[in-house]
Amino acid sequence: MSLTVSTPSPRIRIADASLHVGETVSIPGWLYNLRKSGKIVFPILRDGSGMMQCVGVKAELPEETFETIKHLTQESSVVITGVIRAEERAVGGYEMDIHSIDVLQRVPEEQPYPITPKDHGIEFLMDNRHLWLRSRRQHAILRVRHEVVRAVRDFFDNDGFTLVDCPIFTPASCEGTTTLFEVDYFEDEKVYLTQSGQLYNEATAMAFGKTYCFGPTFRAEKSKTRRHLTEFWMVEPEMAYATIEDVKQLAERFVCYVVGRVLEQRREELKVLERDTAKLEACLPPFPRMSYDDAVTFLQANGSDIQWGSDFGGTDETILTQSQDRPMLVDRFPTAIKAFYMQPDPSRPEVALGVDVLAPEGYGEIIGGGERIHDLNLLMERLHEHQLPQEPFDWYIDLRRYGSVPHGGFGMGIERCVAWICGLEHVRETIAFPRMLYRTKP
RNA sequence: UCCUCAGUAGCUCAAUGGUAGAGCAUUCGGCUGUUAACCGAAGGGUUGUAGGUUCGAGUCCUACCUGAGGAGCCA
């Protein structure tokens with residue numbers, strides 16, 4: 001069966017098939033599907049870069065080779081050698097006439113590959129997440145995610161930001177204290193998994209001017225919705241000498257760049273996902289801007305029972321964004337519901353200079369950020385009001401002692417952004433191995 | 001933590017309180033251009049668990065377990 005060993009041909013990836021028309025090449029991959037029709041077989045090979053329909057004709061192959069192909073099982077690992085040919089009837093436009101096949105591992109029929117070409121339920125698919133990643137749709141989503149991550153890095157790298165990553169073990173909370181994962185450190189010490197790199201970003205921004213961090217973030221929220229993971233990836237830029245207006249402009253440019261890159265580089269994947277790209281093409285500046293005050297008025301006029309002073313619910317975000325064709329910016333939230341470090345509006349201290357970006361089509365908040373307090377006394381006051389201990393924040397307070405300046409930034413959740421761009425029902429498909437309230441396997 | 005819904009073949013789902021069934025997957029057979037191929041046949045079940053009502057329970061009742069969706073909170 002191992003003809004390729006004695007007659008080695010150049011190995012190619014399916015994505016490069018168009019460069020090898022007429023050549024004899026080998027493609028290492030896995031059997032995606034197999035269609036049989038008497039004396040002709042059509043194994044569909046996948047190699048991670050694409051799909052290739054191969055053709056095996058009984059009359060043109062040794063009987064043993066033909067029988068081997070005919071009885072191949074789904075997801076068996078094989079190296080197929082043959083000649084590439086342009087073929088309109090094949091998906092992808094190219095086809096391979098099989099000369100020989102080398103089977104590395106044949107999936108046994110008594111334990112066949114569980115994910116068949118028909119429908120499956122979400123529980124079954126999540127239990128088989130390690131295999132589900134091989135399917136076309138999951139492949140497309142994770143390629144879009146990769147493009148988003150690349151675009152995020154390129155955007156900040158090309159805009160004068162320095163990447164300075166923040167610690168994952170942290171001694172204290174940035175956001176609320178009830179949503180921290182506690183970890184046993186040495187000598188009875190407790191540390192927590194980071195909820196945000198933002199406090200550290202403020203230190204690095206004072207050192208480099210403009211910085212960003214990008215890494216995993218953890219929230220022990222008992223949230224069981226399509227928008228929540230307990231472990232997610234967040235990119236957080238921070239700028240010295242910046243106001244809320246600078247933050248808003250940065251967020252707007254950033255979101256447009258990321259969406260533009262996916263449209264430019266990942267058309268095929270969006271097509272697999274049946275994403276209406278017109279909705280993404282509408283993502284151009286300027287984004288509509290609304291104050292929290294006006295948002296509350298708008299919501300009340302459109303059926304929400306929200307009262308001034310409380311945060312938006314999931315349905316509130318949907319009501320706000322459903323009439324928009326692009327993301328919207330909402331700013332100046334009640335100071336009382338925002339984190340202690342948020343800068344109050346000097347002319348209206350009851351509202352804070354925070355801004356959220358809400359994605360359209362009901363996807364909700366993808367960015368949260370704003371201007372931070374830079375006045376030492378005000379920061380001390382706010383720490384006290386939030387009943388936070390001073391000692392763990394000593395270093396943070398120091399930043400207001402040594403050349404304090406107005407500064408701000410934001411955080412964007414990668415999974416929510418990818419879910420929106422891909423048009424997915426749930427964020428769980430946007431990360432290879434999602435961690436959720438009741439799921440930590442596989 | 002609370003609310004709602006669902007657990008039946010490996011998977012997706014049917015079955016008025018009255019003999020547990022189909023499609024896909026698997027195996028065997030047929031077919032030289034298939035596109036989640038198609039046609040024929042076979043094997044495959046402690047109906048989530050424990051109780052209860054009933055002549056009789058997959059179906060009704062109670063508790064529990066598991067999962068999904070949502071609320072609150074959030075990116």
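The values are calculated or read from the model by the stated rules, or taken from the named source; none is laboratory data. Since this is a predicted model, take the numbers as computed values, not measurements. Backbone-built Cβ (ideal geometry, glycine too); neighbour counts: all protein chains shown. When the accessible area is computed, the model is the full protein with side chains, heavy atoms only, and any ligands, DNA or RNA have been set aside. Shrake-Rupley method; radii C 1.70, N 1.55, O 1.52, S 1.80 Å.
Observations on the model:
- Summed over the range A:236-288, residues that are part of a loop (DSSP other than H, G, I, E, B), modelled with pLDDT under 95 and charged (D, E, K, R) total 3.
- The condition of being open to solvent by less than 40 Å² (accessible area, probe 1.4 Å), under 22 Å from A:Lys441 (Cα atoms) and either in contact with a Gly (Cβ under 8 Å, 6 or more places away or on another chain) or among the basic types (Lys, Arg) (or both) does not hold for A:Gly197.
- Some residue of the range A:208-224 being among the aromatic types (Phe, Trp, Tyr) and over 30 Å from A:Pro288 (Cα atoms): yes
- The range A:43-96 - residue that is crowded, with 17+ Cβ neighbours inside 10 Å and among the hydroxyl-bearing types (Ser, Thr, Tyr) and, of those, farthest from RNA strand B (Cβ to nearest atom): A:Thr81
Results for (1) surrounded by fewer than 14 Cβ atoms within 10 Å (Cβ to Cβ); (2) in a helix (DSSP H, G or I), shown as yes or no for each residue.
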position: A:Met290; (1), (2): no, no
position: A:Asp293; (1), (2): no, yes
position: A:Gln300; (1), (2): yes, yes
position: A:Gly303; (1), (2): yes, no
position: A:Gln307; (1), (2): yes, no
position: A:Phe312; (1), (2): no, no
position: A:Glu317; (1), (2): no, yes
position: A:Asp325; (1), (2): no, no
position: A:Leu329; (1), (2): no, no
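- Subset of the range A:25-73 [polar (S, T, N, Q), more than 12 Å from A:Val103 (Cα to Cα) and more than 29 Å from the chain's Cα centre (by Cα)]: A:Ser26, A:Ser37, A:Gln53
- Evaluated against (1) of a type in the set (Gly, Ala, Ser); (2) away from RNA strand B (no atom under 15 Å from the Cβ); (3) touching an Asp or Glu at 6+ places or on another chain (Cβ under 8 Å), A:Ala339 falls short on exactly one condition, (2).
- Annotation note: Cβ proximity below 6 Å between a residue of the range A:44-58 that is more than 14 Å from A:Leu31 (Cβ to Cβ) and a residue that is aromatic (Phe, Trp, Tyr) and not in a strand (DSSP E or B) (sequence gap 6+ or interchain) occurs for A:Lys58/A:Phe66.
- Restricting the range A:405-442 to residues that are open to solvent by 10 Å² or more (accessible area, probe 1.4 Å), away from RNA strand B (no atom under 13 Å from the Cβ) and touching a Leu at 6+ places or on another chain (Cβ under 7 Å), the residue that is nearest to A:Leu329 (Cα to Cα) is A:Gly423.
- Number of residues in the range A:97-121 that are near RNA strand B (Cβ under 10 Å from one of its atoms) and either more than 23 Å from A:Ala432 (Cα to Cα) or touching a residue at least 24 places away in the same chain (Cβ under 8 Å) (or both) equals 11.
- Residue within the range A:172-181 that is modelled with pLDDT under 95, more than 16 Å from RNA strand B (Cβ to nearest atom), crowded, with 17+ Cβ neighbours inside 10 Å and assigned by TED's automatic domain parsing to the domain that holds A:Ala336 present: no
- Within the range A:23-37, the residues that satisfy the criterion of being within 16 Å of RNA strand B (Cβ to nearest atom), open to solvent by 60 Å² or more (accessible area, probe 1.4 Å) and of a type outside the set (Phe, Trp, Tyr) are A:Arg35, A:Lys36, A:Ser37.
- Hey, A:Pro327 away from RNA strand B (no atom under 14 Å from the Cβ) and either free of Cβ contacts under 8 Å to residues at least 24 places away in the same chain or under 21 Å from A:Val427 (Cβ atoms) (or both) or not: no
- Any hit, the range A:385-392, residues being in contact (Cβ under 8 Å) with a residue 12 or more places away in the chain and open to solvent by less than 30 Å² (accessible area, probe 1.4 Å): no
- Test: residue in the range A:151-168 that is open to solvent by less than 60 Å² (accessible area, probe 1.4 Å), in the same structural domain as A:Ala59 (by TED's automatic domain parsing) and more than 15 Å from RNA strand B (Cβ to nearest atom): no
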